[in-house]
Amino acid sequence: MIISRTPFRISFFGGGTDYPAWFRENGGSVLSTTINQYCHISGRYLPPFFNHRHRIVWSRIEEVSGLEEIVHPSVRECMRFLNMDGEGLEVHHDGDLPARAGLGSSSSFTVGMLHALYGLQGRMPDKQQLALDAIHVEQNMIRENVGCQDQIAVAFGGLNRIDFYPPGGFNVFKMILPRERLEVLQDHLLLMFTGVSRTASDIAGEKIKAISNKRIELTTMQQMVAEGVKILTGNGSLDNFGRLLHESWQLKRGLTARISTSHIDEIYDRALKAGAIGGKLLGAGGGGFMLFFAAPERQAAVKQALSEFLHVPFRFETSGSHVIFYEKAMMVKHGIGNLSQK
(Lines give C-alpha, C1' and ligand atoms only; values in the text may rest on other atoms or scores of the structure.)
Protein backbone atom coordinates (compact mmCIF):
# COMPACT_ATOMS: atom_id res chain seq x y z
CA MET A 1 0.00 0.00 0.00
CA ILE A 2 1.18 3.50 -0.80
CA ILE A 3 -0.58 6.81 -0.09
CA SER A 4 0.20 10.16 -1.66
CA ARG A 5 -1.09 13.47 -0.31
CA THR A 6 -1.35 16.45 -2.65
CA PRO A 7 -2.65 19.88 -1.61
CA PHE A 8 -5.22 22.04 -3.34
CA ARG A 9 -4.25 25.54 -4.41
CA ILE A 10 -5.50 29.12 -4.36
CA SER A 11 -4.47 31.34 -7.26
CA PHE A 12 -4.26 35.06 -6.53
CA PHE A 13 -3.07 36.71 -9.75
CA GLY A 14 -2.06 35.87 -13.31
CA GLY A 15 -4.52 33.10 -14.10
CA GLY A 16 -4.91 32.76 -17.86
CA THR A 17 -1.30 33.68 -18.61
CA ASP A 18 -0.31 30.07 -17.81
CA TYR A 19 -1.98 28.73 -20.97
CA PRO A 20 0.58 27.67 -23.60
CA ALA A 21 -1.39 29.62 -26.21
CA TRP A 22 -0.39 32.77 -24.29
CA PHE A 23 2.98 32.22 -22.63
CA ARG A 24 4.69 30.57 -25.60
CA GLU A 25 4.56 33.98 -27.23
CA ASN A 26 4.24 36.45 -24.36
CA GLY A 27 5.57 34.71 -21.27
CA GLY A 28 3.36 34.35 -18.23
CA SER A 29 3.33 34.72 -14.47
CA VAL A 30 1.07 33.64 -11.60
CA LEU A 31 1.04 34.13 -7.84
CA SER A 32 -0.54 31.29 -5.87
CA THR A 33 -0.38 29.25 -2.69
CA THR A 34 -1.25 25.73 -1.64
CA ILE A 35 -3.50 25.17 1.36
CA ASN A 36 -3.96 22.49 4.01
CA GLN A 37 -6.83 20.78 2.20
CA TYR A 38 -5.74 17.66 0.32
CA CYS A 39 -6.32 14.99 -2.28
CA HIS A 40 -5.27 11.53 -1.05
CA ILE A 41 -4.51 8.71 -3.47
CA SER A 42 -3.90 5.22 -2.11
CA GLY A 43 -2.74 2.41 -4.33
CA ARG A 44 -1.62 -1.19 -4.18
CA TYR A 45 -0.97 -4.10 -6.48
CA LEU A 46 -4.18 -6.12 -6.58
CA PRO A 47 -3.78 -9.81 -5.69
CA PRO A 48 -4.79 -12.15 -8.57
CA PHE A 49 -7.86 -13.60 -6.85
CA PHE A 50 -10.58 -11.55 -8.52
CA ASN A 51 -12.51 -11.57 -11.78
CA HIS A 52 -11.29 -8.03 -12.47
CA ARG A 53 -7.72 -6.82 -12.98
CA HIS A 54 -8.12 -3.21 -11.78
CA ARG A 55 -10.35 -1.65 -9.12
CA ILE A 56 -10.74 2.14 -9.09
CA VAL A 57 -12.71 3.80 -6.28
CA TRP A 58 -13.68 7.45 -6.65
CA SER A 59 -17.24 8.83 -6.80
CA ARG A 60 -18.00 5.48 -8.43
CA ILE A 61 -16.45 2.02 -8.21
CA GLU A 62 -14.86 0.62 -11.35
CA GLU A 63 -13.88 -3.05 -11.60
CA VAL A 64 -12.38 -3.63 -15.03
CA SER A 65 -10.30 -6.14 -16.94
CA GLY A 66 -8.10 -3.73 -18.85
CA LEU A 67 -6.84 -0.19 -19.14
CA GLU A 68 -9.19 0.85 -21.94
CA GLU A 69 -12.24 0.06 -19.79
CA ILE A 70 -11.30 2.59 -17.09
CA VAL A 71 -13.69 5.55 -17.17
CA HIS A 72 -11.71 7.95 -14.97
CA PRO A 73 -9.52 9.76 -17.50
CA SER A 74 -6.66 10.69 -15.15
CA VAL A 75 -6.36 7.18 -13.69
CA ARG A 76 -6.44 5.62 -17.15
CA GLU A 77 -3.90 7.96 -18.74
CA CYS A 78 -1.53 8.03 -15.74
CA MET A 79 -1.42 4.23 -15.84
CA ARG A 80 -0.87 4.33 -19.60
CA PHE A 81 1.89 6.95 -19.21
CA LEU A 82 3.77 4.74 -16.73
CA ASN A 83 3.00 1.46 -18.57
CA MET A 84 1.15 -0.03 -15.60
CA ASP A 85 -1.48 -2.24 -17.21
CA GLY A 86 0.59 -5.39 -16.77
CA GLU A 87 -0.23 -5.94 -13.09
CA GLY A 88 -3.56 -5.50 -11.35
CA LEU A 89 -3.97 -2.26 -9.42
CA GLU A 90 -6.38 -0.96 -6.81
CA VAL A 91 -6.66 2.81 -6.47
CA HIS A 92 -8.71 4.83 -3.98
CA HIS A 93 -9.32 8.58 -4.07
CA ASP A 94 -10.28 10.65 -1.03
CA GLY A 95 -10.58 14.44 -1.27
CA ASP A 96 -11.05 16.98 1.50
CA LEU A 97 -12.97 19.33 -0.81
CA PRO A 98 -15.32 18.75 -3.76
CA ALA A 99 -14.03 18.39 -7.30
CA ARG A 100 -14.69 20.93 -10.06
CA ALA A 101 -14.69 23.79 -7.58
CA GLY A 102 -11.80 26.04 -8.64
CA LEU A 103 -9.03 24.81 -6.35
CA GLY A 104 -7.04 22.88 -8.93
CA SER A 105 -8.53 19.57 -7.80
CA SER A 106 -8.10 17.80 -11.16
CA SER A 107 -4.40 18.63 -11.24
CA SER A 108 -4.02 17.65 -7.57
CA PHE A 109 -5.53 14.29 -8.52
CA THR A 110 -3.22 13.80 -11.50
CA VAL A 111 -0.10 14.84 -9.59
CA GLY A 112 -1.07 12.63 -6.64
CA MET A 113 -1.91 9.72 -8.93
CA LEU A 114 1.45 9.92 -10.69
CA HIS A 115 3.22 10.21 -7.34
CA ALA A 116 1.52 7.07 -6.03
CA LEU A 117 2.15 5.07 -9.23
CA TYR A 118 5.78 6.12 -9.34
CA GLY A 119 6.05 4.96 -5.72
CA LEU A 120 4.59 1.57 -6.57
CA GLN A 121 7.35 1.26 -9.16
CA GLY A 122 9.95 2.12 -6.53
CA ARG A 123 10.70 5.53 -7.99
CA MET A 124 10.34 8.93 -6.35
CA PRO A 125 10.34 11.73 -8.96
CA ASP A 126 11.38 15.24 -8.01
CA LYS A 127 8.78 17.99 -7.96
CA GLN A 128 9.66 19.35 -11.38
CA GLN A 129 9.27 15.95 -13.01
CA LEU A 130 5.92 15.45 -11.27
CA ALA A 131 4.66 18.79 -12.55
CA LEU A 132 5.89 18.27 -16.11
CA ASP A 133 4.48 14.74 -16.27
CA ALA A 134 1.10 15.92 -14.96
CA ILE A 135 0.99 18.73 -17.54
CA HIS A 136 1.76 16.21 -20.29
CA VAL A 137 -0.91 13.79 -19.11
CA GLU A 138 -3.62 16.44 -18.80
CA GLN A 139 -2.85 18.47 -21.91
CA ASN A 140 -1.59 15.85 -24.38
CA MET A 141 -3.12 12.56 -23.26
CA ILE A 142 -6.47 13.54 -21.72
CA ARG A 143 -6.56 16.61 -23.98
CA GLU A 144 -8.15 18.90 -21.44
CA ASN A 145 -8.19 22.67 -21.81
CA VAL A 146 -5.96 23.36 -18.82
CA GLY A 147 -3.09 25.69 -18.11
CA CYS A 148 0.19 24.85 -16.41
CA GLN A 149 0.03 26.63 -13.06
CA ASP A 150 -2.01 24.09 -11.07
CA GLN A 151 0.24 21.09 -11.67
CA ILE A 152 3.33 23.12 -10.71
CA ALA A 153 1.71 24.74 -7.67
CA VAL A 154 0.50 21.50 -6.08
CA ALA A 155 3.66 19.55 -6.90
CA PHE A 156 5.96 22.15 -5.32
CA GLY A 157 3.70 23.49 -2.56
CA GLY A 158 3.94 26.83 -0.78
CA LEU A 159 3.37 30.48 -1.63
CA ASN A 160 5.08 31.01 -4.98
CA ARG A 161 5.49 33.20 -7.98
CA ILE A 162 5.64 30.94 -11.03
CA ASP A 163 7.01 32.43 -14.24
CA PHE A 164 6.53 30.88 -17.69
CA TYR A 165 8.89 31.52 -20.57
CA PRO A 166 8.49 31.31 -24.35
CA PRO A 167 8.55 28.90 -26.06
CA GLY A 168 8.25 26.75 -22.86
CA GLY A 169 9.74 26.21 -19.42
CA PHE A 170 9.06 27.67 -16.00
CA ASN A 171 10.70 28.78 -12.76
CA VAL A 172 9.25 28.63 -9.26
CA PHE A 173 10.21 31.48 -6.92
CA LYS A 174 9.40 30.82 -3.27
CA MET A 175 7.88 33.80 -1.49
CA ILE A 176 9.74 34.24 1.79
CA LEU A 177 7.76 36.52 4.07
CA PRO A 178 8.25 37.36 7.75
CA ARG A 179 6.09 35.05 9.86
CA GLU A 180 4.02 37.94 11.19
CA ARG A 181 3.20 39.27 7.73
CA LEU A 182 2.33 35.80 6.46
CA GLU A 183 -0.03 35.33 9.41
CA VAL A 184 -1.70 38.67 8.72
CA LEU A 185 -2.23 37.68 5.07
CA GLN A 186 -3.81 34.36 6.04
CA ASP A 187 -5.99 36.01 8.66
CA HIS A 188 -7.44 38.34 6.01
CA LEU A 189 -8.58 35.55 3.66
CA LEU A 190 -12.02 33.89 3.63
CA LEU A 191 -12.87 30.86 1.49
CA MET A 192 -16.55 30.31 0.71
CA PHE A 193 -18.16 27.50 -1.32
CA THR A 194 -20.94 28.64 -3.65
CA GLY A 195 -22.36 25.12 -3.89
CA VAL A 196 -22.00 25.15 -7.68
CA SER A 197 -19.59 22.73 -9.37
CA ARG A 198 -18.65 23.08 -13.03
CA THR A 199 -16.42 21.54 -15.70
CA ALA A 200 -13.44 23.88 -15.91
CA SER A 201 -12.18 22.53 -19.24
CA ASP A 202 -15.25 23.81 -21.13
CA ILE A 203 -14.94 27.34 -19.74
CA ALA A 204 -11.16 27.32 -20.20
CA GLY A 205 -11.66 26.37 -23.84
CA GLU A 206 -13.58 29.59 -24.39
CA LYS A 207 -10.87 31.59 -22.60
CA ILE A 208 -8.21 30.08 -24.86
CA LYS A 209 -10.21 31.00 -27.97
CA ALA A 210 -10.52 34.57 -26.68
CA ILE A 211 -6.79 35.04 -25.97
CA SER A 212 -6.02 36.82 -29.23
CA ASN A 213 -8.75 39.39 -28.49
CA LYS A 214 -7.85 39.89 -24.81
CA ARG A 215 -4.18 40.86 -25.02
CA ILE A 216 -4.58 44.06 -23.02
CA GLU A 217 -6.48 42.31 -20.22
CA LEU A 218 -4.06 39.37 -20.01
CA THR A 219 -1.01 41.65 -20.11
CA THR A 220 -2.47 43.69 -17.26
CA MET A 221 -3.29 40.53 -15.27
CA GLN A 222 0.27 39.33 -15.79
CA GLN A 223 1.66 42.65 -14.53
CA MET A 224 -0.50 42.37 -11.41
CA VAL A 225 1.64 39.43 -10.28
CA ALA A 226 4.67 41.70 -9.86
CA GLU A 227 2.48 44.27 -8.11
CA GLY A 228 1.10 41.62 -5.77
CA VAL A 229 4.61 40.40 -4.95
CA LYS A 230 5.69 44.00 -4.24
CA ILE A 231 2.80 44.46 -1.82
CA LEU A 232 3.52 41.22 0.03
CA THR A 233 7.26 41.82 0.34
CA GLY A 234 6.90 45.48 1.27
CA ASN A 235 6.00 47.15 4.54
CA GLY A 236 2.76 48.82 3.49
CA SER A 237 -0.80 47.86 4.33
CA LEU A 238 -1.95 44.49 3.04
CA ASP A 239 -5.30 46.10 2.28
CA ASN A 240 -3.68 46.99 -1.04
CA PHE A 241 -3.50 43.26 -1.77
CA GLY A 242 -7.26 43.03 -1.32
CA ARG A 243 -7.83 46.02 -3.61
CA LEU A 244 -5.61 44.41 -6.24
CA LEU A 245 -7.67 41.22 -6.00
CA HIS A 246 -10.76 43.30 -6.73
CA GLU A 247 -9.14 44.87 -9.80
CA SER A 248 -7.99 41.47 -11.03
CA TRP A 249 -11.48 39.99 -10.63
CA GLN A 250 -13.02 42.82 -12.67
CA LEU A 251 -10.58 42.03 -15.48
CA LYS A 252 -11.00 38.26 -15.24
CA ARG A 253 -14.78 38.31 -15.33
CA GLY A 254 -14.60 40.18 -18.63
CA LEU A 255 -12.54 37.52 -20.42
CA THR A 256 -15.65 35.50 -21.36
CA ALA A 257 -19.33 35.67 -20.48
CA ARG A 258 -19.12 32.25 -18.77
CA ILE A 259 -16.60 33.18 -16.07
CA SER A 260 -19.14 34.92 -13.85
CA THR A 261 -22.91 34.69 -13.50
CA SER A 262 -25.57 36.90 -11.97
CA HIS A 263 -25.52 34.53 -8.97
CA ILE A 264 -21.74 34.92 -8.54
CA ASP A 265 -21.97 38.71 -8.99
CA GLU A 266 -24.63 38.89 -6.28
CA ILE A 267 -22.49 36.89 -3.84
CA TYR A 268 -19.52 39.14 -4.53
CA ASP A 269 -21.51 42.35 -4.09
CA ARG A 270 -22.99 41.14 -0.81
CA ALA A 271 -19.50 40.38 0.51
CA LEU A 272 -18.23 43.85 -0.42
CA LYS A 273 -21.21 45.55 1.23
CA ALA A 274 -20.53 43.53 4.40
CA GLY A 275 -16.94 44.74 4.56
CA ALA A 276 -14.75 42.70 2.23
CA ILE A 277 -12.13 44.77 0.42
CA GLY A 278 -11.85 42.48 -2.59
CA GLY A 279 -11.93 38.91 -3.75
CA LYS A 280 -12.39 36.64 -6.73
CA LEU A 281 -13.94 33.45 -7.99
CA LEU A 282 -11.29 30.77 -8.00
CA GLY A 283 -10.47 28.62 -11.00
CA ALA A 284 -11.79 28.85 -14.55
CA GLY A 285 -15.14 30.37 -13.54
CA GLY A 286 -18.80 29.49 -13.47
CA GLY A 287 -18.96 28.40 -9.84
CA GLY A 288 -16.99 26.69 -7.11
CA PHE A 289 -15.12 28.54 -4.36
CA MET A 290 -14.86 32.27 -3.85
CA LEU A 291 -11.98 33.92 -2.02
CA PHE A 292 -12.52 37.17 -0.12
CA PHE A 293 -10.06 39.57 1.47
CA ALA A 294 -11.47 41.13 4.63
CA ALA A 295 -10.08 42.44 7.89
CA PRO A 296 -10.52 39.93 10.73
CA GLU A 297 -12.94 42.26 12.53
CA ARG A 298 -15.18 42.38 9.42
CA GLN A 299 -15.22 38.67 8.67
CA ALA A 300 -18.11 37.82 10.97
CA ALA A 301 -20.25 40.31 9.06
CA VAL A 302 -19.14 38.86 5.70
CA LYS A 303 -19.93 35.32 6.82
CA GLN A 304 -23.31 36.46 8.13
CA ALA A 305 -24.10 38.14 4.82
CA LEU A 306 -23.27 34.87 3.08
CA SER A 307 -24.69 32.60 5.75
CA GLU A 308 -26.23 30.14 3.27
CA PHE A 309 -22.79 29.30 1.91
CA LEU A 310 -20.16 27.08 3.51
CA HIS A 311 -17.12 28.77 5.01
CA VAL A 312 -14.00 26.58 4.77
CA PRO A 313 -11.18 27.52 7.17
CA PHE A 314 -7.68 26.95 5.84
CA ARG A 315 -4.01 27.76 6.33
CA PHE A 316 -1.16 27.83 3.88
CA GLU A 317 0.95 24.70 3.46
CA THR A 318 4.50 24.32 2.13
CA SER A 319 5.13 20.61 1.44
CA GLY A 320 3.42 20.09 -1.90
CA SER A 321 2.73 16.56 -3.10
CA HIS A 322 4.45 13.83 -1.12
CA VAL A 323 4.11 10.21 -0.10
CA ILE A 324 2.84 9.92 3.46
CA PHE A 325 2.76 6.11 3.74
CA TYR A 326 4.25 3.07 2.08
CA GLU A 327 4.30 -0.52 3.18
CA LYS A 328 7.81 -1.85 2.85
CA ALA A 329 6.72 -5.49 2.90
CA MET A 330 4.71 -4.89 -0.23
CA MET A 331 7.69 -3.30 -1.93
CA VAL A 332 9.95 -6.20 -1.08
CA LYS A 333 7.32 -8.68 -2.31
CA HIS A 334 7.40 -7.07 -5.71
CA GLY A 335 11.18 -6.93 -5.86
CA ILE A 336 11.46 -3.23 -5.02
CA GLY A 337 14.07 -1.85 -2.65
CA ASN A 338 13.95 1.02 -0.17
CA LEU A 339 11.82 4.00 -1.12
CA SER A 340 13.30 7.43 -0.56
CA GLN A 341 11.50 10.68 -1.27
CA LYS A 342 13.16 13.66 -2.84
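The values are calculated or read from the model by the stated rules, or taken from the named source; none is laboratory data. From a predicted model like this one, the values you see are computed outputs, not experimental measurements. Note: ideal-geometry Cβ built from the backbone for every residue, glycine included; neighbour counts use all protein chains shown.
Any idea which of (1) modelled with pLDDT of 95 or more; (2) surrounded by 13 or more Cβ atoms within 10 Å (Cβ to Cβ); (3) farther than 22 Å from Ala101 by Cα is the one Ile211 doesn't satisfy? Evaluating Ile211 over (1) modelled with pLDDT of 95 or more; (2) surrounded by 13 or more Cβ atoms within 10 Å (Cβ to Cβ); (3) farther than 22 Å from Ala101 by Cα leaves (1) as the failure.
Suppose we keep only residues that are among the aliphatic types (A, V, I, L, M) and more than 24 Å from Leu185 (Cβ to Cβ) within the stretch 235-263. Which one would you say is surrounded by the most Cβ atoms within 10 Å (Cβ to Cβ)? It would help to see each step written out before you state the result.
Restricting attention to the stretch 235-263, the residues satisfying the condition of being among the aliphatic types (A, V, I, L, M) are 238, 244-245, 251, 255, 257, 259.
Next cut, more than 24 Å from Leu185 (Cβ to Cβ) only: 255, 257, 259.
On the way: Leu255: 23, Ala257: 11, Ile259: 20.
Per the stated criteria, the residue is Leu255.
Of the residues making up the stretch 139-155, just one is among the acidic types (Asp, Glu) and under 17 Å from Phe170 (Cβ atoms), namely Asp150.
Can you pull out every residue in the stretch 43-69 that is basic (Lys, Arg) and outside any strand (DSSP E or B)? Write out each step before concluding.
From the stretch 43-69, those basic (Lys, Arg) are 44, 53, 55, 60; that's our starting set.
Arg53, Arg60 - these are the residues of the stretch 43-69 that are basic (Lys, Arg) and outside any strand (DSSP E or B).
For the stretch 85-92, check the following and say yes or no: at least one residue is within 22 Å of Phe164 (Cα to Cα) and either in contact with a Lys or Arg (Cβ under 9 Å, 6 or more places away or on another chain) or basic (Lys, Arg) (or both). No, every residue in the stretch 85-92 fails to be within 22 Å of Phe164 (Cα to Cα) and either in contact with a Lys or Arg (Cβ under 9 Å, 6 or more places away or on another chain) or basic (Lys, Arg) (or both).
The criterion of at least 2 residues that are under 19 Å from Gly43 (Cβ atoms) is met, among strands (runs of 3 or more DSSP E) falling completely within the stretch 89-174, by 89-95. Within the stretch 149-174, residues that are on the phi > 0 side of the Ramachandran plot have Cβ atoms under 7 Å from residues that are hydroxyl-bearing (Ser, Thr, Tyr) and surrounded by 22 or more Cβ atoms within 10 Å (Cβ to Cβ) in these pairs: Gly157/Thr34; Gly158/Thr33; Gly158/Thr34, counting only partners at least 6 apart in sequence or on another chain. Only residues that are among the hydrophobic types (A, V, I, L, M, F, W, C) and either touching a residue at least 60 places away in the same chain (Cβ under 8 Å) or not in a loop (DSSP other than H, G, I, E, B) (or both) were counted in the stretch 70-88, giving 4. Could you list, in sequence order, all residues of the stretch 1-53 that are aromatic (Phe, Trp, Tyr) and within 22 Å of Gly242 (Cβ to Cβ)? Residues satisfying the conditions are Phe8, Phe12, Phe13.
Comparison of Leu190, Leu218 shows that the only residue that is modelled with pLDDT of 95 or more and not in a loop (DSSP other than H, G, I, E, B) is Leu190. Against the conditions (1) within 26 Å of Leu189 (Cα to Cα); (2) out of contact with any Asp or Glu (no Cβ under 7 Å at 6 or more places or on another chain), Ile41 satisfies every one except (1).
Any idea which residue in the stretch 213-248 is nearest to Arg270 (Cα to Cα), counting only those that are under 23 Å from the mean Cα position of the chain (by Cα) and of a type in the set (Ser, Thr, Tyr)?
First, the residues of the stretch 213-248 that are under 23 Å from the mean Cα position of the chain (by Cα): 217-229, 232, 241-242, 244-248.
From the residues that got through so far, the ones that are of a type in the set (Ser, Thr, Tyr) too are 219-220, 248.
Working: Thr219: 29, Thr220: 26, Ser248: 18 Å.
Going through the qualifying residues, I end up with Ser248.
If the condition is being closer than 20 Å to Ala99 by Cα and either touching a strand residue (DSSP E or B) at 6+ places or on another chain (Cβ under 9 Å) or crowded, with 22+ Cβ neighbours inside 10 Å (or both), then the stretch 44-75 contributes Ile56, Val57, Trp58, Ser59, Ile61, Glu62, Ile70, Val71, His72, Ser74, Val75.
Okay, residues lined up against (1) surrounded by fewer than 22 Cβ atoms within 10 Å (Cβ to Cβ); (2) not hydroxyl-bearing (Ser, Thr, Tyr):
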{"site": "Met1", "(1), (2)": "yes, yes"}
{"site": "Ser11", "(1), (2)": "no, no"}
{"site": "Gly14", "(1), (2)": "no, yes"}
{"site": "Asp18", "(1), (2)": "no, yes"}
{"site": "Trp22", "(1), (2)": "no, yes"}
{"site": "Glu25", "(1), (2)": "yes, yes"}
{"site": "Val30", "(1), (2)": "no, yes"}
